[in-house]
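To start, the structure under review is shown below, and the notes come after it.
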Amino acid sequence: MTLMGADGLVVETTLVQIVKALVIFGFIFSVVPMLTVLERKLIGRFQSRIGPNRVGPRGMMQPLADALKLLSKEQSAPATAVPWMMAISPVIIVATAVTTLAIIPFGPQGAWGGDLGLYGIDVEIGLLFFFAFGSLAFYAFVLGGWASGSKYSFLGAMRSAAQLISYEVAIGLSLLGVAMTAGSLSLVKIVEAQGEMWFVIPQFVGFLIFMVAGFAETARAPFDLPESDAELVAGYHTEFGGMRFGSFLLAEYIEIISVSGVATACFLGGWHGPGPEALAPLWVLLKIFALILFFIWIRATLPRLRYDQLMSFGWKILLPLATLNVLITAILLVVT
């Protein structure tokens with residue numbers, strides 16, 4: 001059995017796809033614990049404190065201690081909850097977050113010899129694939145909040161739904177300019193089209209819109225209203241404990257990596273960089289890492305918005321700006 005690539009040619013066997021899936025899972029579940037330590041260390045520096053420093057050398061074993069703590073905690077649910085729905089909500093959000101990583105290209109086909117493509121899958125509708133699975137996270141938030149049987153959780157879920165819907169429009173329009181410029185929805189072809197000039201230059205406004213909307217999509221500060229502790233205790237996952245709560249936290253970091261990966265592919269030239277083509281994955285990882293640091297920097301710097309400010313910014317500023325960017329891009333493409 002074989003699979004088809006974006007160009008319609010048979011490029012990889014099913015066995016190769018299975019190996020790639022295992023590599024993606026292994027990569028994520030090894031990188032995310034390190035990101036938690038990095039974020040806590042950096043925020044500690046930003047706030048003039050030490051950060052994790054007790055477990056292991058310089059606190060580097062803190063993720064292991066956190067994982068053991070979450071795994072050892074007893075699962076509980078309120079009397080008004082729907083337990084089986086609470087159980088599948090974390091599964092949905094982790095599965096959708098990991099699946100999105102499959103379309104991020106780390107190198108061109110044949111960069112390491114043979115016909116191997118350094119990406120999970122290459123589909124003609126790569127950007128639509130990103131939107132589709134990103135939107136499924138909406139169901140995990142709403143299901144988790146409603147099934148908890150808690151008013152605080154349900155209010156957090158409704159905030160998540162409104163926030164995701166509002167900013168997905170802007171993030172879609174910001175990538176529409178990239179798709180128009182490249183003439184394709186495939187992330188591999190979008191990266192290939194940036195051989196001479198990265199799209200962050202002609203689509204700088206689109207890049208800014210994408211990053212701002214990306215913060216809202218991942219519910220990171222200053223857009224972390226769905227889980228604002230001062231108002232909602234902990235938001236949609238208030239009633240979740242143990243590894244179910246850990247799954248929501250895991251998905252948040254995976255989504256940060258996904259957004260950073262898509263931004264790298266669509267705006268920052270993807271695998272393009274100095275040196276031989278074999279270094280392509282290195283440049284992708286460095287660019288993704290730089291964007292992750294930017295996420296952490298913003299979290300440590302900006303205060304949380306009010307909910308009315310969040311919605312007004314999305315509909316009254318980002319949406320008109322993204323629409324104007326698409327119109328100007330279309331005019332320039334037709335004229336030139």
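The values are calculated or read from the model by the stated rules, or taken from the named source; none is laboratory data. Worth saying up front: this structure is predicted, and the values here are computed from it rather than measured. Glycine also receives a Cβ, built like all others from the backbone with ideal geometry; neighbour counts cover every protein chain displayed.
Here is a check on your reading of the model: is MET211 among the hydrophobic types (A, V, I, L, M, F, W, C), touching a helix residue (DSSP H, G or I) at 6+ places or on another chain (Cβ under 7 Å) and within 25 Å of PRO303 (Cα to Cα)? Give the steps one after another, and end with the answer.
On the way: among the hydrophobic types (A, V, I, L, M, F, W, C): yes; touching a helix residue (DSSP H, G or I) at 6+ places or on another chain (Cβ under 7 Å): yes; within 25 Å of PRO303 (Cα to Cα): yes.
So MET211 fits the description; yes.
Say whether the condition of being buried (at least 18 other Cβ atoms within 10 Å of the Cβ), in contact with a helix residue (DSSP H, G or I) (Cβ under 8 Å, 6 or more places away or on another chain), assigned to a helix (DSSP H, G or I) and at pLDDT 95 or above is met by at least one residue in region 195-203.
Within region 195-203, none of the residues are buried (at least 18 other Cβ atoms within 10 Å of the Cβ), in contact with a helix residue (DSSP H, G or I) (Cβ under 8 Å, 6 or more places away or on another chain), assigned to a helix (DSSP H, G or I) and at pLDDT 95 or above.
Yes or no: region 164-181 includes at least one residue that is part of a helix (DSSP H, G or I), at pLDDT 90 or above and among the charged types (D, E, K, R).
yes
Looking only at region 216-249, which residues are buried (at least 22 other Cβ atoms within 10 Å of the Cβ) and either free of Cβ contacts under 8 Å to residues at least 40 places away in the same chain or closer than 18 Å to ILE288 by Cβ (or both)?
Listed by number, the residues that qualify are GLU217, THR218.
Please work out which residue is surrounded by the most Cβ atoms within 10 Å (Cβ to Cβ), limiting yourself to region 69-91 and to residues that are under 30 Å from LEU42 (Cα atoms) and within 25 Å of the chain's Cα centre (by Cα). Before the answer, list the steps.
Filtering region 69-91 down to residues under 30 Å from LEU42 (Cα atoms) leaves 69-73, 90-91.
Retained after the next criterion (residues that are within 25 Å of the chain's Cα centre (by Cα)): 70-71, 90-91.
Values: LEU70: 17, LEU71: 10, PRO90: 23, VAL91: 12.
Per the criteria, the residue is PRO90.
Might you check whether a residue that is among the basic types (Lys, Arg), surrounded by fewer than 23 Cβ atoms within 10 Å (Cβ to Cβ) and out of contact with any Cys (no Cβ under 8 Å at 6 or more places or on another chain) occurs anywhere in region 157-177? I'd like the intermediate steps shown before the answer.
We begin by selecting, within region 157-177, every residue among the basic types (Lys, Arg); these are 159.
Of the ones still in play, those that are also surrounded by fewer than 23 Cβ atoms within 10 Å (Cβ to Cβ) are none.
No, because not a single residue in region 157-177 is among the basic types (Lys, Arg), surrounded by fewer than 23 Cβ atoms within 10 Å (Cβ to Cβ) and out of contact with any Cys (no Cβ under 8 Å at 6 or more places or on another chain).
Could you give every pair whose Cβ atoms fall below 8 Å, whose first residue belongs to region 68-94 and is in contact (Cβ under 8 Å) with a residue 60 or more places away in the chain, and whose second residue is surrounded by fewer than 15 Cβ atoms within 10 Å (Cβ to Cβ), counting only separations of at least 6 or pairs across chains?
Short answer, once both residue conditions are applied: ALA77/PRO83.
Listed here are the residues, each with its yes/no results for (1) closer than 21 Å to ILE256 by Cα; (2) aromatic (Phe, Trp, Tyr); (3) touching a Pro at 6+ places or on another chain (Cβ under 7 Å).
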{"residue": "GLU168", "(1), (2), (3)": "yes, no, no"}
{"residue": "SER174", "(1), (2), (3)": "yes, no, no"}
{"residue": "THR181", "(1), (2), (3)": "no, no, yes"}
{"residue": "SER186", "(1), (2), (3)": "yes, no, no"}
{"residue": "GLY195", "(1), (2), (3)": "no, no, no"}
{"residue": "GLY206", "(1), (2), (3)": "yes, no, no"}
{"residue": "GLU217", "(1), (2), (3)": "yes, no, no"}
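In region 296-336, what count of residues is obtained for those that are among the hydrophobic types (A, V, I, L, M, F, W, C) and under 24 Å from the mean Cα position of the chain (by Cα)?
The first filter runs over region 296-336 and keeps only residues among the hydrophobic types (A, V, I, L, M, F, W, C), leaving 296-298, 300, 302, 305, 310-311, 313, 315, 317-319, 321-322, 324, 326-328, 330-335.
Going one step further and asking which of them are under 24 Å from the mean Cα position of the chain (by Cα), we end up with 296-298, 300, 302, 305, 310-311, 313, 315, 317-319, 321-322, 326.
Here the count works out to 16.
Filter region 302-312 down to residues that are touching a residue at least 40 places away in the same chain (Cβ under 8 Å) and not in a loop (DSSP other than H, G, I, E, B) and give me whichever is surrounded by the fewest Cβ atoms within 10 Å (Cβ to Cβ).
Checked region 302-312; the qualifying residue surrounded by the fewest Cβ atoms within 10 Å (Cβ to Cβ) is TYR307.
Out of GLY56, GLY44, report the one residue that is among the small types (Gly, Ala, Ser) and over 25 Å from the mean Cα position of the chain (by Cα). Lay out the reasoning, then the answer.
On the way: GLY44 fails: over 25 Å from the mean Cα position of the chain (by Cα).
None of the others qualify; the one that does is GLY56.
All but one of (1) more than 29 Å from TYR236 (Cα to Cα); (2) under 22 Å from the mean Cα position of the chain (by Cα); (3) not hydrophobic (A, V, I, L, M, F, W, C) hold for GLN109; state the number of the condition that does not hold.
Of the numbered conditions (1) more than 29 Å from TYR236 (Cα to Cα); (2) under 22 Å from the mean Cα position of the chain (by Cα); (3) not hydrophobic (A, V, I, L, M, F, W, C), the odd one out for GLN109 is (2).
Filter region 261-281 for residues that are at pLDDT below 95 and in a helix (DSSP H, G or I); which is surrounded by the fewest Cβ atoms within 10 Å (Cβ to Cβ)?
Out of the qualifying residues, it is ALA278.
Against the conditions (1) assigned to a helix (DSSP H, G or I); (2) over 15 Å from PHE210 (Cβ atoms), where does SER258 fall short? Just the number, please.
Just one mismatch for SER258, condition (2).
Just need a number here: residues in region 103-141 that are assigned to a helix (DSSP H, G or I), surrounded by 19 or more Cβ atoms within 10 Å (Cβ to Cβ), among the aliphatic types (A, V, I, L, M) and at pLDDT below 90.
At the first step, the residues of region 103-141 found to be assigned to a helix (DSSP H, G or I) are 103, 126-141.
Adding the requirement that they be surrounded by 19 or more Cβ atoms within 10 Å (Cβ to Cβ) leaves 103, 126-127, 129-130, 133-134, 137-138, 140-141.
If we keep only those that are among the aliphatic types (A, V, I, L, M) as well, we get 103, 127, 137, 140.
Keeping just the survivors that are at pLDDT below 90 gives 137, 140.
Of the residues in region 103-141, 2 are assigned to a helix (DSSP H, G or I), surrounded by 19 or more Cβ atoms within 10 Å (Cβ to Cβ), among the aliphatic types (A, V, I, L, M) and at pLDDT below 90.
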